[in-house]
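A short worksheet on the structure shown next.
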Amino acid sequence: MNNHTYCSMVIFGATGDLAKRKLFPSIYNLYKKGTLDKNFAVVGVARREWSDEVFRENVTASLQDSNISIEGDLTEFLSHFRYLAFDVTNAASYQDLHELLNSLEQEFSIPGNRMFYMAMAPEFFGTIASYLKSEGVTNEQGWNRLIIEKPFGHDFASAQKLNEDLRQAFAEDEIYRIDHYLGKEMVQNIGVIRFANAIFESLWNNRHISNIQITSSESLGVEDRGGYYDTSGALRDMVQNHMIQMVALLAMEPPIRLTTEEIRSEKIKALRALRPMTKDEVKQYFVRSQYGPGSMNGKEVPGYRSEPKVNPESRTETFVAGKLMIDNFRWAGVPIYIRTGKRMQEKSTKIVVEFKELPMNLYSKSENNVHPNLLIIHIQPDEGISLILNGKKIGMTDKTTPAKLDYCNHCIDGINTPEAYEKLLNDAIHGDATNFTHWDEVALSWKFVDVISEAWKEDTSSEFELYPAGSMGPKAADELLAQDGFHWWPIGDDSDYSI
Ligand SMILES: NC(=O)C1=CN([C@@H]2O[C@H](COP(=O)(O)OP(=O)(O)OC[C@H]3O[C@@H](n4cnc5c(N)ncnc54)[C@H](OP(=O)(O)O)[C@@H]3O)[C@@H](O)[C@H]2O)C=CC1
Ligand SMILES: O=C1O[C@H](COP(=O)(O)O)[C@@H](O)[C@H](O)[C@H]1O
């Protein structure tokens, strides 16, 4: 085994949407920046009968269609790309793949390191992994890494089965389960904000924080993914993975070192402390809804049930809000509210940490509202941090006014901020699995989510409250916080924080 980053990458599903929109532009950016060693090869696999030439034309088109800048001639870059047409369920074809990899390793002096990226429908993951092993494509001369796209299963049982299938062929430390939120700049910044700032870490507990709110709203509907989405819904599509990962990063204890093992182990501990719900409690703590017709930017848009490939009577949720509790010394009594949905007012992912009021505040009078301090982590589209403090209103008064201190991350280095997939690919090439999910994290989050989806599946009688497309979700999501005396803080970039 060697520690080189020289490697060949096999992309299963190379003619598909993910490869086109995310993977080729990311590989190019790594190449352009010199982060990717020149000793690399990319083999695209799919059934379409493309030649190497057609494949390269498609890679070129994908770079042109993305918003990255192409520098100079692409000939050298594209010379590393080959294409192999085969059906991944056909064991015999893996021999051709092995031979092609052997010859590319000679051509580009690659010491046998192989990265396999599964950019295909999940039903193929187990089959591909087992053929890679049984047909001898994994290479004992170098390292082997398997990158797995989401969804990782449909529930705990299917995820466990998939994991067992993968583990027949690959060790846990060879499996890189992608959660692209972990590649986002500001999600990675959560650790730095918490553990590199004395003013936050010392307040990061139930003595000083009243509640945390995580919103990931999307303005798009299901687009052309109705077939997949209608069997998934927002709970599986967003909560089981991205939302719960953000909860883990916010709630975990400081790791003793910044190593993959230590960070993962703290995240796992935090997820173990997630209070499980009974099915009866689901109604009290979780809200589901679906978008009805509405208007986005002044344009009428259809409701979810009229989207292509969606069952016209679908009860699939396109919106989820929930209250999570972490049962440990640090977080006892602090609700973490999450909400996510499609066709909401705007595209925005934000974390708002609301601090408790002072035990006594000299400025809290009937005619003056002292604002709670808020730490806002702007994940996207803007990236940065805001802190809402109280200042004195200007003039001959002792009234207070909220003052917002902003740090804009993308204003500093916006153009160079790497896209999530670029960072994650680079991490996998370097053998850094920190920003990929360990099986234990996946298992714990499925177990948490399964109770909710089972309760919803059994409850076919209750009314399904729709929210109008273009809104911030159903009223029930507001009531969820109101019953605890809180409300959702606005998430727009120019939000008014007055109370
Ligand atoms: N697209 C996105 O933005 C995102 C996608 N993902 C995940 O990435 C994965 C891929 O998604 P996406 O790219 O959108 O899917 P697509 O449907 O666009 O692509 C599927 C790919 O699989 C190939 N394929 C299908 N069946 C076979 C087969 N039997 N043998 C060989 N190749 C086959 C297709 O090519 P051909 O028809 O030529 O065989 C195509 O290249 C999924 O797991 C998805 O959940 C995750 C997050 C975002
Ligand atoms: O994984 C997914 O994420 C996207 C949202 O990702 P973002 O980076 O644009 O916030 C979501 O649209 C999709 O349904 C889901 O599968």
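Here segment 364-449 is treated with +1 on each Lys and Arg Cβ and -1 on each Asp and Glu Cβ, and its dipole about the Cα centre works out to around 720 debye. Share of carbon and sulfur in the accessible area of segment 327-435 stands at 57%, probe radius 1.4 Å. Binning the alpha carbon pair distances of the chain at 10 angstrom intervals from zero yields the distribution 4, 18, 27, 26, 17, 7, 2, 1, 0, expressed in whole percent.
Would you work out which of TYR176, SER295, THR278 lies farthest towards the positive end of the dipole of the chain? Charges go on Cβ: Lys and Arg +1, Asp and Glu -1. Working it through, the farthest residue towards the positive pole turns out to be THR278. Peptides 222-230, 312-320 ranked from most to least packed, by the mean per-residue count of other Cβ atoms within 10 Å: 312-320, 222-230.
Projected onto planes of every orientation and averaged, the convex hull of the alpha-carbon atoms in segment 362-499 covers 14.4 nm². In terms of packing, defined here as the mean over residues of other Cβ atoms within 10 angstrom, the peptides 350-357, 272-279 line up highest first as 350-357, 272-279. Please give the Cα centre distance for segment 142-177 versus segment 441-458, rounded to the nearest Å. Each part reduced to its Cα centre gives a spacing of 19 Å.
With all protein chains in place and a 1.4 Å probe, the accessible surface of segment 182-302 carries 53 percent carbon and sulfur. Extension gain, ALA91 to THR278: 0.36 nm times the residue separation minus the Cα-Cα distance gives 62.9 nm. In order along segment 250-256, phi translates into HN-Hα couplings of 6, 9, 4, 6, x, x, 6 Hz, rounded to whole numbers, per the Karplus curve 6.51 cos²θ - 1.76 cosθ + 1.60 with θ = phi - 60° and x for Gly and Pro. Cysteine residues of the chain whose Cβ has no partner cysteine Cβ closer than 4.7 Å: CYS7. Here is the size of segment 303-394 from its Cα atoms: Rg then Dmax, 19.2, 59 Å. Taken over segment 205-275, the alpha-carbon convex hull comes to 139 cubic angstrom per residue. Note that segment 130-183 carries a Kirkwood radius of 12.2 Å, evaluated over its alpha carbons pair by pair.
For GLU307, the shell of other residues with beta-carbons less than 12 Å away shows a net charge of +2, using +1 for Lys and Arg and -1 for Asp and Glu. Rolling a 1.4 Å probe across the protein heavy atoms gives segment 187-288 an accessible surface of 41 Å² per residue.
Accessible surface computed residue by residue for segment 43-106, with neighbouring protein chains in place and a 1.4 Å probe, gives 52 Å² per residue. Taking the DSSP beta bridges with both ends in the chain, the antiparallel portion is around 55 percent. Model label points for GLU201 and SER130, set 7 angstrom from Cα along the Cα-to-Cβ axis, are 4.7 nm apart. Look at the Cα gyration tensor of segment 56-195: its axes a ≥ b ≥ c give a/c of at least 1.5 with a/b at or below b/c, and that counts as oblate. Projecting the Cα atoms of VAL310, THR434, ALA198 onto the dipole axis of the chain, where Lys and Arg carry +1 and Asp and Glu carry -1 at the beta carbon, places ALA198 farthest toward the positive end.
For SER471, the residues whose modelled amide H falls within less than 5 Å of its own, excluding neighbours fewer than 5 places apart on the same chain, are GLN345. Here the translational diffusion coefficient of segment 257-353 follows from Stokes-Einstein with Rh set to the Kirkwood radius across Cα pairs; for 37 °C and 0.692 mPa s it amounts to 198 µm²/s. Distant-in-sequence amide contacts of ASN113, defined by a placed amide H-H separation under 5 Å and a gap of 5 or more residues or a different chain, comprise SER8, TRP143.
In the context of the full set of protein chains, residues of segment 289-351 present 40 Å² of accessible surface per residue (probe radius 1.4 Å, heavy atoms only). For segment 325-364, the convex hull drawn through the C-alpha positions has a volume of 121 cubic angstrom per residue. Sorted from longest to shortest, the spans of the Cα atoms of segment 50-118 along the three principal axes equal 39, 28, 20 Å. Each of the peptides 391-403, 259-271, 419-431, 461-473 was scored by the mean count of other Cβ atoms within 10 Å over its residues; in descending order, highest first, they stand as 419-431, 259-271, 461-473, 391-403.
In this entry, segment 4-76 is assigned a mean projected area of 4.8 nm², taken as a quarter of its C-alpha convex hull surface.
Taking only alpha carbon atoms, segment 123-254 gives an Rg to Rh ratio of 1.06, where Rh is the Kirkwood radius.
The values are calculated or read from the model by the stated rules, or taken from the named source; none is laboratory data. Since we're looking at a predicted model, the values are computed, not measured. No Cβ is skipped: glycine too gets one built from the backbone with ideal geometry, and neighbour counts run over all protein chains shown. Surface areas here come from the heavy atoms of the whole protein model, side chains and all, with no ligands, DNA or RNA. Shrake-Rupley method; radii C 1.70, N 1.55, O 1.52, S 1.80 Å.
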